[in-house]
Structures are given as structure tokens and as C-alpha cells.
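Okay, so here's the structure we're looking at.
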Amino acid sequence: MARRRFEIVVSGSAPELYPAEPFFGLLWLDQEKNDALQIPVSRPLRTGWGEFSSIQLVRDGKDPVPWFLDMVWLSVTERKFYSLEEELPVERLEELFCQGCEDPGEDGKAQKAGEPPQPLYEFLVVGMAPYGGVALWAYGYGKSTLVKWMQAEETKVEMRDFAPMKPGLTLDELCDAYINSDEEADVKENLEKNGLPPRGLFDGYMKQFNYRYRVLFGRWDKETDGFWPDTEEDREAGPRLVSVEERLFDGTHDKLRDGGLFRYHRAGKPQKLLVKWSFRGSDYCACFFMEDEPVRAAFDAFFEDRSDAEADFDIQIDPEKMGVGLILSRDGTGAKRELDCGAYQIIIFKDGEELGRSENYDQERGAWRW
């Protein structure tokens, strides 16, 4: 039976503060290993976790999804090489690349009237994390999905093979040249200040939970210092939700605005949320930036060992006083955990003009654009 074929572009990815350099990366298309998609070499690679590189190898025609990943790369900040040989979930990849998308998000390709939906995913992105963690994402402009999280093993590579045009170059000299370059100033500063990340940090980032978003509009109840459900009258004359978009710590994003975020689904912990609504003739937008450790601790404590148990991530908004609250809850059990206001930063806009920001807001200008 002939396998389905797709237009697939492959890219590498690495965290901005922990660059990596691929030695080779092959995504084998057939079990005889006669043909493969390749991870392009970038020196060094630091796209941001889950983001694709501008350096890509584009092949003519269409290919089946790969079944096996074979790669070796350098973790620059660790000064170590890692190797991975791993089978890939072919059926899952085919399922993802068969999906179409009528609204690929603001950054995607516009669909013309009468044309079939655009493919939802166009890239396979391979992420290289400290301590040998490897992620495989199916990536589209409107949405990306974690396909598999894998663990590589430390390996040895001769520098004459890794850098044949620079005879005599040592591993330390190469890594020092990267880290001390002007382009990597933030990498050096982070290493001097914080050292390497804790072991297990990226394992925690990639952990998946079963939840959905709920945006709850209401008026602030001063007696209980919390939110109370709105009435039918409020709903008729009150605010109207426009959309929710997300970026997660696991490197994925969803900007489709297709209602999928309001259904239970497995996903990582939120890193950035964009909520848009209209109220009394004006358009509002709130952008939440999550703090790493408090959000990670809140999710781990709430779900404990029940990551498959359905839960709600409630985004509560008072449209009159611009009060907000973020709460993890589980219907029927009474389980609830509110995120402390220090666990996130927020900036709110009304009709394109800034309306207010949290006291702890310290994002760079324009960080809400994504």
C-alpha cells in the first residue's frame, strides 16, 4: 500500500540561552534508509524553544512522513555531544499532516475563497535541549503540536570530524568562541549568573496535562474579594469573547481561533496567553506572561499524579474594573488552585491603546505582538 506524501520542511530548534549545533540529523523516510530528510546545520542554533530556524533544506516534490530519527549534536553550554536513534510515530505524523486549516492564524497564508483548506502543518521541527532532551514538533503558522519527547545519550565526536576545516581546534575552544562572541552575549551572561539549567527542567516543560480554557466575565465582589458568576442579564448586555491564543512552555502554540482551546485536550503549561473581547463598543486585549517556576509549581501541585484528569483553566475578567484572575479547577470535586498575581504579568489594551499593566510588568516593548 502506497504511503501518503506531503510537502515537509525540516528545521532544527534550540533554546535561546542554550544553543546547539547539529553534527548531522537524518529523518529516514524508508526502513532501508535510502532516503532521508535532513536537519540543516546552523552554527550555533538558538531559535527559541519550538521555533523553526531560518535555515531550511527544501526538497522538490512530496515525501512520506519519516519513521526514524538519527542525529548527533553539540550542546554548546554543556560542551558535550549527544546521540539519538529513535523510531517515530508514523501514524500520528500522517494524521497531523493530513489535517487542513481554514484559518491558519494572522501569520499564516491567507486562504482564497473557493480554495481547499491550507495544510495545518508544514514543518517538522527537531528541538535539542540541555542534557540530551529531544523534541519533535509538527509546526504550522497557526498551530504547532508536540509529537514526541525523547532522551538522547552522551557520545564522543572527534573534532577533526566535527570541524574538518579547522585542524587542531579543541571542543573548549569552539564552545568558548561561540559563548564569547558578541551575538551570544546573553548566553554568556546567563551562564555566569545562573549556570546550567536544573536537570529535569525541560522534562517539566514537556509534561502534558488534560485541560481546557474557560473565559468567565463577571463583576468584582468586594465582600469575598473574588469573582461571582454573571447573570443572564449580564450575558445579554455584557462582554463578548472574541478569541484566545496561547504559547506554551513545551514549545507549542495555538492561534487558530477554532474553539479547540475550549475543549479538553492534552497540552503543556501556558507561557503566554492572548485574550480578546469586545464590550460596549470597544475592543479589548489582555496579554498574560506566565512566570516559569510559580506556574510550573501550580500545575504540578494541582494535577499531582493525575495529569490525565480533566481540569479547567479559568481566565476570570471583570470588564468594568479590569480585574483578572487565573484559576485551575475541577468540576464536581471542589478542587481549585488560584494562581497568585505574582505568577504572571499582564498588559491590557482598549481599542489599540494601552489601558493598564501589572506592577510587576517588565516585558520588552512590543512583547505582546506574536
(request) Rounded to whole Å and ordered largest first, report the semi-axes of the equivalent ellipsoid of the range 121-189 derived from its Cα gyration tensor (root of 5λ). (result) 30, 17, 12
(message) Name the residue from Phe24, Ala311, Met159 whose Cα lies farthest towards the positive end of the charge dipole of the chain, charges +1 on Cβ of Lys and Arg and -1 on Cβ of Asp and Glu.
(response) Phe24
(request) Take the Cα pairs of the range 207-357, get the Kirkwood Rh, then feed it into Stokes-Einstein at 20 °C and 1.002 mPa s and tell me D in µm²/s. (result) 134 µm²/s
(request) Would you tally the net charge around Gln345, using a Cβ to Cβ cut-off of less than 15 Å, leaving Gln345 out, and scoring K and R as +1, D and E as -1? (result) -4
(message) If N is the number of residues in the range 9-196, what value comes out of its Cα radius of gyration divided by 2.2 N^0.38 Å?
(response) 1.10
(request) Provide Ile347, Ile8, Ile55, Ile39 in ascending order of the number of other Cβ atoms located within 10 Å of each residue's Cβ, fewest first. (result) Ile55, Ile347, Ile8, Ile39
(request) Would you calculate the separation in nanometres between label points at Asp172 and Glu354, each defined as 7 Å from the Cα along the Cα-to-beta-carbon direction? (result) 4.7 nm
(message) Placing +1 on the Cβ of each Lys and Arg and -1 on the Cβ of each Asp and Glu in the range 207-357, which of Cys287, Gly325, Gly260 has its Cα farthest towards the positive end of the resulting dipole?
(response) Gly260
(request) Can you put His265, His253 in order of Cβ neighbours within 10 angstrom, beginning with the fewest? (result) His265, His253
(message) If each DSSP helix of 4+ residues adds -39,500 (n - 2.57) and the sum is divided by the residues in the chain, what number results at 222 nm, nearest 500 deg cm²/dmol?
(response) -4000 deg cm²/dmol
(message) Quick check: convex hull of the Cα atoms in the range 1-58, volume per residue, rounded to a whole Å³?
(response) 97 Å³
(message) Let me spell out the model: positive unit charges on the Cβ of Lys and Arg, negative unit charges on the Cβ of Asp and Glu, origin at the Cα centre of the chain. What dipole size does that give, in debye rounded to 20?
(response) 500 debye
(request) Report the calculated FRET efficiency for Glu85 and Ser282 (r = Cβ-Cβ distance, R0 = 45 Å), to the nearest 0.05. (result) 0.20
(request) Report the residue, chosen from Ser278, Ser307, Ser181, that carries the largest GNM mean-square fluctuation when the chain is represented by alpha-carbon nodes joined by springs under 10 Å. (result) Ser181
(request) Using Cα centres only, tell me the gap between the range 140-179 and the range 56-93 in whole Å. (result) 13 Å
(message) Compute the distance from the alpha-carbon center of the range 260-329 to that of the range 336-370, in whole Å.
(response) 13 Å
(message) Looking at the chain only, what percent of DSSP beta bridges run antiparallel? Nearest 5 please.
(response) 90 percent
(request) For each of Tyr141, Tyr205, count neighbouring Cβ atoms within 10 Å of the residue's Cβ, then give the residues from fewest to most. (result) Tyr141, Tyr205
(request) Quote the convex hull volume per residue of the chain, based on C-alpha atoms, as a whole number of Å³. (result) 181 Å³
(request) Would you mind telling me which residue in Ala297, Ala129, Ala152 has the biggest mean-square fluctuation in a Gaussian network model of the chain, where springs connect alpha carbons within a distance under 10 angstrom? (result) Ala297
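Every number here is computed from the coordinates shown, using simple stated rules; none is lab data. Predicted model only: the values in this text are computed from it and were never measured. Note that we place each Cβ from the backbone using ideal geometry, even for glycine, and neighbour counts take in every protein chain shown.
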